[in-house]
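As structure tokens, the structure follows; a few thoughts come after it.
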4 protein chains.
Amino acid sequence: MSYINLSGIFPPLPTSFDKYENLLPEKIRQNITRLCEYDLTGFLILGSNGEQVMLTDREKSEAIAAAREALPDGRLLLAGTGGQSTRETIALTKAAAAEGADAVLVLNPFYFKSLMTNEALVKHYLDVADASTVPVIVYNMPGNTGLDMTSAMIIAMASHPNIIGMKESGGNVVKMGEVLLRAKPGFQVLAGGAGFLLPALSTGAVGGILALANIAPSQCLQIVRSFKEGDMISAMRLQHMMIPVNAAVTARWGVPALKEAMDYLGLYGGPARRPLLPLTDDVRRQLAELIAESGIEKFN
Amino acid sequence: MSYINLSGIFPPLPTSFDKYENLLPEKIRQNITRLCEYDLTGFLILGSNGEQVMLTDREKSEAIAAAREALPDGRLLLAGTGGQSTRETIALTKAAAAEGADAVLVLNPFYFKSLMTNEALVKHYLDVADASTVPVIVYNMPGNTGLDMTSAMIIAMASHPNIIGMKESGGNVVKMGEVLLRAKPGFQVLAGGAGFLLPALSTGAVGGILALANIAPSQCLQIVRSFKEGDMISAMRLQHMMIPVNAAVTARWGVPALKEAMDYLGLYGGPARRPLLPLTDDVRRQLAELIAESGIEKFN
Amino acid sequence: MSYINLSGIFPPLPTSFDKYENLLPEKIRQNITRLCEYDLTGFLILGSNGEQVMLTDREKSEAIAAAREALPDGRLLLAGTGGQSTRETIALTKAAAAEGADAVLVLNPFYFKSLMTNEALVKHYLDVADASTVPVIVYNMPGNTGLDMTSAMIIAMASHPNIIGMKESGGNVVKMGEVLLRAKPGFQVLAGGAGFLLPALSTGAVGGILALANIAPSQCLQIVRSFKEGDMISAMRLQHMMIPVNAAVTARWGVPALKEAMDYLGLYGGPARRPLLPLTDDVRRQLAELIAESGIEKFN
Amino acid sequence: MSYINLSGIFPPLPTSFDKYENLLPEKIRQNITRLCEYDLTGFLILGSNGEQVMLTDREKSEAIAAAREALPDGRLLLAGTGGQSTRETIALTKAAAAEGADAVLVLNPFYFKSLMTNEALVKHYLDVADASTVPVIVYNMPGNTGLDMTSAMIIAMASHPNIIGMKESGGNVVKMGEVLLRAKPGFQVLAGGAGFLLPALSTGAVGGILALANIAPSQCLQIVRSFKEGDMISAMRLQHMMIPVNAAVTARWGVPALKEAMDYLGLYGGPARRPLLPLTDDVRRQLAELIAESGIEKFN
């Protein structure tokens, strides 16, 4: 149970499939190798963008193993392991650690929304943290789960020595501030979206797990660098530039658009699993325009 | 691919666990045998109350097999098979049919909410219906999924010959009416909650899949009977009486309360899987009072 | 402070404006006179469809006075008087009673949503009921207010002798049932939308305040009649037929569509006040088709 | 129609009432005089915290006049003038300008939510801006209105020369960034809550209209100053410190708590209008503790 420094930028890597929707571990490896040309702190495997909810247990293990294999020394591997039951979450967490994950990102259970009280959710995370051999990062993603964990919940979870941080994907900078005020010293907040990376840093976040970092790693890293250097004007300008393209590959058109953008820029994207549909030609054109306007360049 | 008459009442059976949260197939069989003393049309295995989202694939198959074994001739077995991907949903559907399910109840994918357009969801259901050897029932459960399928979606799905009906758990009687007006003749609507059974029948529903039917089968059946006999006063009175206890074992305290009520009344309830917590003593007392006030009697 | 029997159907009359958006009291009178050819129990002036939130205090009084003038003996006049403060609500209530309203329909305050606790809202209604010389009807309209009053709130309000009923516009038939089970005997529930009139009656509602009754009074009345005669098949068929056109003049295209339909059918509709926009030509055509399909006939 | 520089901090002054809920213009003047000891850019009269929705037209004019009277040269007076109709909003805007408001803050109409399309809302604001002799600031307050204006709407409104900025009270820093990227140069964004002041500044906001500035003007000003000096560590620390007390006087306990805090600190708070209830003794104690922990000092 060791502390891990989460400062910096992590792409939540999409899971690669062939045209029959079968897993392609070699494309995961290939993408990681390409992205490691940038100064990224590490990768998240099996996040929302990794279509975690679409994969079998065996596929999850294979994806983590593929990532581990491709990852050079000095980069971190985070794996998404949240399930609807405590039992499943613990099993996935142990399997991820066995495949070499350095830490796990645990999405909260959310199906039985009305029963997910403060007490139920805090106990769930403490149980998982007790059972995990690697550090646990809390993952709040209200846009997908329909359940927004409160700062009081996060602060209570942070009391466990094995819970080292949170990813906040709701963009709630007030919650980030409240967590940082009240949680134990050293508790690390990560932005869960590139649209609010700079405001999150300004509130005390140490970095981000950002879909956009799969296609614009240098821009995401540059925002952090400008912020640290106190060059707020440059940071703001770049932050603003990234908002439309980031919205396109997240809330607006989602994983299929992120994968399409990766294909377009020279990485492997490939199809998403159904019911996620491929982009229409019209959307594909709009996406290409947004990429062009944002100044993102192709991988060489 | 044959038509199935869904008229009447189906309990969505909870899945039985021991105190270590391990599956107890014999308790599933036992509960079914006891409930078959009532004139129920059949059972749903692996609905929301069956904690479907908490079970492994193997456990799902075992639970269906146990139910099939216990079920006497002339009763229907429905099985919940909705997953987040089309691929998984088809696999679960085939497995359920192989274990003897007469039809499948398919909850919609909902994790990628913003991408679950009319087009994506209709295609998903048509793909599943194409692949299924047994009839498909559409399952709308906005309280848990955070996504409310529209009547337009349901009507489009109903065009498939293998999609024979829907379970509406949102209590939206306007939607039921619109579906019945526009969907193919013979499309069957089932109420998804006992709190609105009578209004649903008055709108044209043929019956219900009702958590309450696990603990108050005779009352649920009596509401249908009174309605059919045109005795609206009796039907209304009984409907009103059932509302508070039904709320207690559904929206308010959920599956743990339903299981507690089953234990209390002489069936097997047992624990729910974490993060669902056992009831506090205070809630347990309130539940017992609500049961008493409702006139529900113990199984003998 | 006398009891009033609310059984039957009330149109919530739109407020008539000329093309400069000025009030036209004579058109209010004219519409009432025409609609009184039907066996309607009475009218609601200044409901949501009456654009109550768009009117000055003086205009509100003029509209009520015009309605009173046109109303023949034996018909009831309800007036909407809900404001954001208790003080304003009481002032509007007194003014409405002075202009001849038989009862007031009081929408809840909702701007300070997070502060509208059970305690605050119940006290508000009791204060208004204390101050009112005419009976008070509670008005729940979550689609517009963004605040859904609970059955517990309504039941507490019903304890006041001067609070005689509620209009439920959220379509929540479970809430209606719970209120009827727990509120004082004689507390009257009115459906707030024609899309769920029959299910509401089946739950014990005594009638409805229905936008659709402005354009299809005979159909609304016929649903009630068939229900009372026990002819559920006819009632259901007519209920289903009314759903699409009702949606068109309420949730979908709102007040401008209701007014357009009135113009189309031979009553006075006229424009709504901005920011409500006139229908586009395309929507106007669709509306005419929906009216035709529904079997609603022109006033002669 | 002249440009106004909105940089800096504005308290949205509560409207003072006596114990009978009658307006107290002298207390408005007194509070302004006291707060003018701080380097505030100006004041907002008749915002949400000013209980604008609770006031008659006459009271609104009196409140603005009182503020104008007390305001020294060089400070700006903003007045809230949003109503549900375009007509009313224009009338209130003209009245506010006549009483001396330097600009108006216009909350969007929201009662007919489903009809408040992009087209309807943009036209509303353009109509108001056309009619106004003073600059218009768009006010987005989804927590109270239940309607969240999109960046696309705001950007379209910003095309009008008389629409000079927006107040964003939803805390959506992504929206702020998108507006700043796409709206005309010089369009000014103001934070609508002190909980996200620093993140808003980091995104390009020029200041804020902050309930907290009524009780902690020096802290709000200090956050802006530290940010401008590039001292992010001090700014962050102070930002975090302000979050709990700010939540207490806004989302959690609202206007009554803000008024109580003003009384406690030596300004005039007084009662809110019903249905807003006075704080309980327990909440009053908690509020005093939160104030103490935050380091806010009494006015002398």
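How many residues does the range A:220-236 hold that are more than 9 Å from chain D (Cβ to nearest Cβ), among the hydrophobic types (A, V, I, L, M, F, W, C) and open to solvent by 30 Å² or more (accessible area, probe 1.4 Å)?
First, pick out the residues of the range A:220-236 that are more than 9 Å from chain D (Cβ to nearest Cβ): A:220-226, A:228-229, A:231, A:233-234.
Retained after the next criterion (residues that are among the hydrophobic types (A, V, I, L, M, F, W, C)): A:220-221, A:223-224, A:233.
Cutting the leftovers down to open to solvent by 30 Å² or more (accessible area, probe 1.4 Å) gives us A:233.
The number of residues fulfilling the criteria is 1.
Quick one: B:Ile137 ticks every box in (1) open to solvent by less than 40 Å² (accessible area, probe 1.4 Å); (2) within 11 Å of another protein chain (Cβ to nearest Cβ); (3) of a type outside the set (Ser, Thr, Tyr); (4) over 28 Å from C:Gly192 (Cα atoms) except a single one, so which number is it?
(2)
Might you let me know whether the range D:140-148 holds any residue that is hydrophobic (A, V, I, L, M, F, W, C) and open to solvent by less than 10 Å² (accessible area, probe 1.4 Å)?
Going residue by residue through the range D:140-148, those that are hydrophobic (A, V, I, L, M, F, W, C) are D:141, D:147.
After this cut, where a residue has to be open to solvent by less than 10 Å² (accessible area, probe 1.4 Å) as well, the list is none.
No.
Report, by residue number, each residue of the range A:108-128 that is more than 9 Å from chain B (Cβ to nearest Cβ) and open to solvent by 10 Å² or more (accessible area, probe 1.4 Å).
Selection gives A:Asn118, A:Val122, A:Leu126.
Scan the range B:159-175 for residues that are within 14 Å of chain C (Cβ to nearest Cβ) and in a loop (DSSP other than H, G, I, E, B) and jot them down.
Quick first cut of the range B:159-175, residues within 14 Å of chain C (Cβ to nearest Cβ) only: B:168-175.
Across the range B:159-175, the qualifying residues are B:Ser169, B:Gly170, B:Gly171, B:Asn172.
Inspect all residues belonging to the range A:64-79 and state whether any of them is closer than 17 Å to A:Gly207 by Cβ, touching a residue at least 60 places away in the same chain (Cβ under 8 Å) and surrounded by 24 or more Cβ atoms within 10 Å (Cβ to Cβ).
If we filter the range A:64-79 for residues that are closer than 17 Å to A:Gly207 by Cβ, which is where we start, we get A:74-78.
Next, from what is left, pick out any that are touching a residue at least 60 places away in the same chain (Cβ under 8 Å): A:76, A:78.
Subsequent filtering for residues that are surrounded by 24 or more Cβ atoms within 10 Å (Cβ to Cβ) retains A:78.
Yes, that holds for at least one residue.
Please give the number of the condition A:Gly143 fails out of (1) closer than 19 Å to A:Gly80 by Cα; (2) assigned to a helix (DSSP H, G or I); (3) of a type in the set (Gly, Ala, Ser); (4) more than 14 Å from chain B (Cβ to nearest Cβ).
Only one criterion in (1) closer than 19 Å to A:Gly80 by Cα; (2) assigned to a helix (DSSP H, G or I); (3) of a type in the set (Gly, Ala, Ser); (4) more than 14 Å from chain B (Cβ to nearest Cβ) is unmet by A:Gly143, namely (4).
Only residues that are of a type outside the set (Val, Ile, Thr), surrounded by 24 or more Cβ atoms within 10 Å (Cβ to Cβ) and within 24 Å of B:Asp73 (Cα to Cα): list them for the range B:93-107, please.
Of the residues in the range B:93-107, the ones of a type outside the set (Val, Ile, Thr) are B:94-103, B:105, B:107.
If we keep only those that are surrounded by 24 or more Cβ atoms within 10 Å (Cβ to Cβ) too, we end up with B:96, B:101, B:103, B:105, B:107.
B:Ala96, B:Ala101, B:Ala103, B:Leu105 - these are the residues of the range B:93-107 that are of a type outside the set (Val, Ile, Thr), surrounded by 24 or more Cβ atoms within 10 Å (Cβ to Cβ) and within 24 Å of B:Asp73 (Cα to Cα).
Going through C:Val189, C:Val179 one at a time, which residue ends up being in contact with a Gly (Cβ under 8 Å, 6 or more places away or on another chain), open to solvent by less than 10 Å² (accessible area, probe 1.4 Å) and within 14 Å of chain B (Cβ to nearest Cβ)? Can you show your working first?
Values: C:Val179 fails: in contact with a Gly (Cβ under 8 Å, 6 or more places away or on another chain).
After ruling out the rest, the residue left standing is C:Val189.
Residues of the range D:80-125 being assigned to a helix (DSSP H, G or I) and hydroxyl-bearing (Ser, Thr, Tyr), which ones?
Our first condition is that a residue be assigned to a helix (DSSP H, G or I); within the range D:80-125, this holds for D:86-98, D:113-115, D:118-125.
Listed by number, the residues that qualify are D:Thr86, D:Thr89, D:Thr93, D:Ser114, D:Tyr125.
Do we have any residue at all in the range D:29-47 that's under 22 Å from D:Thr250 (Cα atoms), in contact with a Lys or Arg (Cβ under 6 Å, 6 or more places away or on another chain) and more than 14 Å from chain C (Cβ to nearest Cβ)?
Scanning the range D:29-47, I find at least one residue that is under 22 Å from D:Thr250 (Cα atoms), in contact with a Lys or Arg (Cβ under 6 Å, 6 or more places away or on another chain) and more than 14 Å from chain C (Cβ to nearest Cβ), so the answer is yes.
Name the pairs: first residue in the range C:49-62 and more than 11 Å from every other protein chain (Cβ to nearest Cβ), second residue surrounded by 17 or more Cβ atoms within 10 Å (Cβ to Cβ) and part of a helix (DSSP H, G or I), Cβ to Cβ under 6 Å, at least 6 apart or on different chains?
C:Ser61/C:Ala95; C:Glu62/C:Pro25
How about the range B:63-86: which of its residues are under 30 Å from A:Asn49 (Cβ atoms) and away from every other protein chain (no Cβ under 14 Å)?
If we filter the range B:63-86 for residues that are under 30 Å from A:Asn49 (Cβ atoms), which is where we start, we get B:80-86.
B:Thr81, the sole residue that qualifies.
I'd like to know if the range A:210-219 contains one or more residues that are farther than 19 Å from A:Thr41 by Cβ, touching a residue at least 24 places away in the same chain (Cβ under 8 Å) and surrounded by 24 or more Cβ atoms within 10 Å (Cβ to Cβ). Break it down into steps so the answer makes sense when it comes.
Filtering the range A:210-219 for residues farther than 19 Å from A:Thr41 by Cβ gives none.
Taking every residue of the range A:210-219 in turn, none turns out to be farther than 19 Å from A:Thr41 by Cβ, touching a residue at least 24 places away in the same chain (Cβ under 8 Å) and surrounded by 24 or more Cβ atoms within 10 Å (Cβ to Cβ).
Look at the range C:237-294 and say how many of its residues are within 14 Å of chain D (Cβ to nearest Cβ), open to solvent by 20 Å² or more (accessible area, probe 1.4 Å) and part of a loop (DSSP other than H, G, I, E, B).
7
So D:Pro11 ticks every box in (1) free of Cβ contacts under 8 Å to residues at least 24 places away in the same chain; (2) crowded, with 24+ Cβ neighbours inside 10 Å but one. Which box is left unticked?
Exception for D:Pro11: condition (1).
Looking at C:Asp18, C:Asp39, which is the one that is over 19 Å from the mean Cα position of the chain (by Cα), modelled with pLDDT of 95 or more and open to solvent by 10 Å² or more (accessible area, probe 1.4 Å)? Steps first, answer last, please.
Numbers: C:Asp39 fails: over 19 Å from the mean Cα position of the chain (by Cα).
Result of the check over C:Asp18, C:Asp39: C:Asp18.
Listed here are the residues, each with its yes/no results for (1) of a type in the set (D, E, K, R); (2) on the phi < 0 side of the Ramachandran plot.
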site	(1), (2)
C:Val245	no, yes
C:Arg252	yes, yes
C:Ala261	no, yes
C:Gly266	no, no
C:Leu279	no, yes
C:Val283	no, yes
C:Glu289	yes, yes
C:Ala292	no, yes
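If you check B:Leu190 against the conditions, is it under 19 Å from the mean Cα position of the chain (by Cα) and either without any contact (Cβ under 8 Å) to a residue 12 or more places away in the chain or in a helix (DSSP H, G or I) (or both)?
On the way: under 19 Å from the mean Cα position of the chain (by Cα): yes; either without any contact (Cβ under 8 Å) to a residue 12 or more places away in the chain or in a helix (DSSP H, G or I) (or both): no.
No: the conditions fail for B:Leu190.
For the range A:261-284, name all the residues that are out of contact with any strand residue (DSSP E or B) (no Cβ under 9 Å at 6 or more places or on another chain), closer than 22 Å to A:Leu55 by Cβ and not aliphatic (A, V, I, L, M).
A:Asp263, A:Tyr268, A:Gly269, A:Arg274, A:Pro275, A:Pro278
Identify, by number, the condition in (1) within 30 Å of B:Gly83 (Cα to Cα); (2) touching a Phe, Trp or Tyr at 6+ places or on another chain (Cβ under 9 Å); (3) of a type in the set (Gly, Ala, Ser) that A:Ala257 doesn't meet.
Of everything listed in (1) within 30 Å of B:Gly83 (Cα to Cα); (2) touching a Phe, Trp or Tyr at 6+ places or on another chain (Cβ under 9 Å); (3) of a type in the set (Gly, Ala, Ser), A:Ala257 misses just condition (2).
Please list, ordered by first then second residue, the pairs with beta carbon atoms under 9 Å, 6 or more apart or interchain, first in the range B:170-186 and closer than 14 Å to B:Val138 by Cα, second among the charged types (D, E, K, R) and open to solvent by less than 50 Å² (accessible area, probe 1.4 Å).
Listed pairs, sorted by first residue: B:Lys175/B:Glu168; B:Met176/B:Glu168; B:Val179/B:Glu168.
With the checklist (1) under 18 Å from C:Ile209 (Cβ atoms); (2) out of contact with any Phe, Trp or Tyr (no Cβ under 9 Å at 6 or more places or on another chain); (3) open to solvent by less than 10 Å² (accessible area, probe 1.4 Å) in hand, flag the one item C:Leu44 doesn't pass.
The single condition C:Leu44 does not satisfy is (2).
Out of the range C:8-21, which residues are in contact with an Asp or Glu (Cβ under 9 Å, 6 or more places away or on another chain) and not in a strand (DSSP E or B)? Can you show your working first?
From the range C:8-21, those in contact with an Asp or Glu (Cβ under 9 Å, 6 or more places away or on another chain) are C:8-9, C:14-17; that's our starting set.
Scanning the range C:8-21 gives C:Pro14, C:Thr15, C:Ser16.
So for the range D:130-139 (the condition being over 22 Å from D:Leu46 (Cβ atoms), assigned to a loop (DSSP other than H, G, I, E, B) and touching a residue at least 40 places away in the same chain (Cβ under 8 Å)), does at least one residue qualify?
Taking the range D:130-139 as the starting set, the residues that turn out to be over 22 Å from D:Leu46 (Cβ atoms) are none.
Among the residues of the range D:130-139, not one is over 22 Å from D:Leu46 (Cβ atoms), assigned to a loop (DSSP other than H, G, I, E, B) and touching a residue at least 40 places away in the same chain (Cβ under 8 Å), which makes the answer no.
The values are calculated or read from the model by the stated rules, or taken from the named source; none is laboratory data. Everything numeric in this text was worked out from a predicted model, so none of it was measured. A quick note on method: Cβ atoms are made from the backbone with ideal geometry, for glycine too, and the neighbour counts reach across all protein chains shown. Each accessible area value is taken on the protein alone, full model and side chains, heavy atoms only, with ligands, DNA and RNA left out. Shrake-Rupley method; radii C 1.70, N 1.55, O 1.52, S 1.80 Å.
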